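K.L.:
This is the structure I have questions about; it appears just below.
The values are calculated or read from the model by the stated rules, or taken from the named source; none is laboratory data. Keep in mind that what you see is a predicted model, and the values were worked out from it rather than measured. Here the Cβ is made from the backbone with ideal geometry for all residues, glycine too, and neighbour counts use every protein chain on show. For accessibility, only protein heavy atoms count, side chains too; no ligands or nucleic acids. Shrake-Rupley method; radii C 1.70, N 1.55, O 1.52, S 1.80 Å.
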Amino acid sequence: MRLSFAAPALVAALCFSLVSAARAELTVGDAAPALKVAKWVKGSPVTLAKGKVHVVEFWATWCGPCKTSIPHLTKLAKRYKGKADFTGVSVWESNPQAPLTLPQITTKVNKFVASMGAKMNYSVAIDDKPEKGTMASGWMEASGSDGIPTAFIVDKAGKVAWIGHPMQMEEPLAKIVAGKWDVAAAKKKMAAEKAAAEKEAQQQQAAEGKLQAFDKEFKALLEADKISDALALADKVATESPIMTAQISQLYNQLAWTFVEGKEEVPPPFTKLKDSVLIMAKKAVELTKGEDGMILDTLAFIHYKAGNLKEALELQTKAVAKLPAGVPDDLKKEVVDRLALYKSKSQ
């Protein structure tokens, strides 16, 4: 499965942001809040003391990217031993849909930390409440950070010197430890990033409203058998903004792929687009200017199914070269395997 058919659902997939649009109460240059946790589950308890650099990183057992960044933090903790303390704080383990008590969270975190072994070799603590804990509220929410993992670097003066993704902290950490970090410049940069995040959030909100209206009108046209009008509407909406372009290109691609692959049932009224598979796949490629490998893969597969091996091979070669960063290994393998298949059939 590549993406949902529902246009509004596509917006939700693009709405994640490390920094929220909410006004931050804690920012670079401010005094770091105290560490108030329920329990230390690994390493020595840490107190934020002046004269030493501290890294405070927020994570959760359910967070895949957190698990990826943990060994990197361990490497940095070893490199800066004696110069910087590293603390990982588990937050947001409980939510209204899956409520957990603090003892249950402790058991869950202990099990996770034990499974990581030497890969997680720094002090680890648990927030003091299942929901809205002091650490989540006083650090994450106060700084407008709504994505994990997020790391805070506290300088020797006890000030927050940097906030960001732990995989991007090597350069700032080295400068902060060496006393060569420009806090004022970092504060200015973060303010600019927050302003950009606010603008993006507003654009996404506007796009979601437009997509909901589009979704309703698009389906109505399909139900009325006005296929060409429905496609024309999608084409028009796709030109309104980069966000809309991305959404419509993914909608075209998802529909085209599902029709040609034949493994999933296409829900009505989208079934009426069955004869427009090639049109939609080509439109998706045009909208993305031929730069999205997964979308090129769809068009190549359609040509292969139609017996157009030359076109399929040319497109699949481009698809492999233009696979987006972060494509799961299993999907990447499928695309590469299809290229090998088309080559074998062309010989």
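K.L.:
What does the charge dipole of the range 189-347 about its Cα centre add up to, to the nearest 20 debye, if the Cβ of each Lys and Arg holds +1 and the Cβ of each Asp and Glu holds -1?
P.N.:
Values: 23 positive and 25 negative charges, 83 e Å.
The calculated dipole for the range 189-347 is roughly 400 debye.
K.L.:
Quick one: with all protein chains in place, what share of the accessible area of the range 196-339 is carbon or sulfur, to the nearest percent (1.4 Å probe)? Kindly include the intermediate steps, with their values, before the conclusion.
P.N.:
Details: 3940 of 7570 Å².
Carbon plus sulfur share of accessible area: 52 percent.
K.L.:
Give a quick list of trypsin sites (Lys or Arg not before Pro) in the range 125-228 that DSSP marks as loop, anything other than H, G, I, E or B, with at most 14 other Cβ atoms within 10 Å. Don't skip to the end; give the middle numbers.
P.N.:
Working: sites: 132, 156, 159, 175, 180, 187, 188, 189, 194, 199, 210, 216, 219, 226; in loops: 132, 156, 180, 226.
Of the trypsin sites (Lys or Arg not before Pro), the ones in loops of the range 125-228 whose Cβ has at most 14 other Cβ atoms within 10 Å are 132, 180, 226.
K.L.:
Can you give the accessible area per residue of the range 27-94, in Å², using a 1.4 Å probe? If you can, show how the numbers build up before the last one.
P.N.:
Numbers: 3070 Å² over 68 residues.
For the range 27-94, the solvent-accessible area averages 45 Å² per residue.
K.L.:
Counting only heavy atoms of the protein chains, get the accessible area per residue of the range 189-281 (1.4 Å probe) and round it to a whole Å² value. Show your work: numbers first, answer last.
P.N.:
Values: 4870 Å² over 93 residues.
Normalised by residue count, the accessible surface of the range 189-281 is 52 Å².
K.L.:
Could I ask something else about it? Taking R0 as 45 Å, what's the FRET efficiency between residue 47 and residue 329 from their Cβ-Cβ distance, rounded to 0.05?
P.N.:
On the way: r = 42 Å, r/R0 = 0.93.
Working from the Cβ atoms, E equals 0.60.
K.L.:
What whole number of Å gives the distance from the Cα centroid of the range 94-108 to the Cα centroid of the range 202-274?
P.N.:
First find each Cα centre; the distance between them is then 39 Å.
K.L.:
Kindly flag which residue pairs out of 283/305; 50/81; 310/332; 189/318; 52/180 have an alpha-carbon separation exceeding 25 Å in this structure.
P.N.:
The pairs that break the limit, which is 25 Å between Cα atoms, are 189/318.
K.L.:
Mind ordering 26-37, 118-129, 90-101 by average Cβ neighbours within 10 Å, highest first? Spell out each step's value before the answer.
P.N.:
Values: 26-37: 17.6, 118-129: 19.9, 90-101: 15.6.
By packing density, highest mean first, the sequence is 118-129, 26-37, 90-101.
K.L.:
Suppose each label sits 7 Å from its Cα in the direction of the beta carbon; what would the residue 100-residue 343 distance come out to in nanometres?
P.N.:
4.6 nm
K.L.:
As a test of the formula, what do you get for the chain when each DSSP H run with n ≥ 4 contributes -39,500 (n - 2.57) and the sum is divided by the residue count, at 222 nm and rounded to the nearest 500 deg cm²/dmol? All intermediate terms of the calculation are to be shown ahead of the outcome.
P.N.:
Working: 11 runs with 175 residues, N = 347.
Rounded to the nearest 500, the figure is -16500 deg cm²/dmol.
K.L.:
Relative contact order for the range 224-347: what percent, with Cα pairs under 8 Å and sequence separation of 6 or more?
P.N.:
About 19 percent, as a whole number.
K.L.:
Tell me the carbon and sulfur percent of the accessible area for the range 71-155, rounded to whole percent, probe radius 1.4 Å. Don't skip to the end; give the middle numbers.
P.N.:
Working: 2020 of 3600 Å².
Answer for the range 71-155: carbon and sulfur cover 56 percent of the accessible area.
K.L.:
Then there's this: Could you give the nm distance between label points at residue 36 and residue 192, where each point is 7 Å from its Cα heading toward the beta carbon?
P.N.:
If labels sit at residue 36 and residue 192, their model points lie 3.6 nm apart.
K.L.:
Within 10 Å, count the other beta carbons around each residue, average over each peptide in 38-48, 133-143, and list them highest first. Could you put the intermediate results ahead of the total?
P.N.:
Working: 38-48: 15.5, 133-143: 20.9.
The most tightly packed comes first, giving 133-143, 38-48.
K.L.:
Right, something else. Of the listed values [x] 331; [y] 166; [z] 142, grab the one calculated as volume of the Cα convex hull per residue in Å³ from the structure here.
P.N.:
[y]
K.L.:
To continue, here is another question. Relative contact order for the chain: what percent, with Cα pairs under 8 Å and sequence separation of 6 or more?
P.N.:
So the answer I get is 19 percent.
K.L.:
Further question on the same structure: If the chain between residue 167 and residue 183 were fully stretched, how many nm would it gain, using 0.36 nm times the residue separation less the Cα-Cα distance? Don't skip to the answer; put the middle values down first.
P.N.:
Values: separation 16, 0.36 × 16 = 5.76 nm, distance 1.97 nm.
Here the answer is 3.8 nm.
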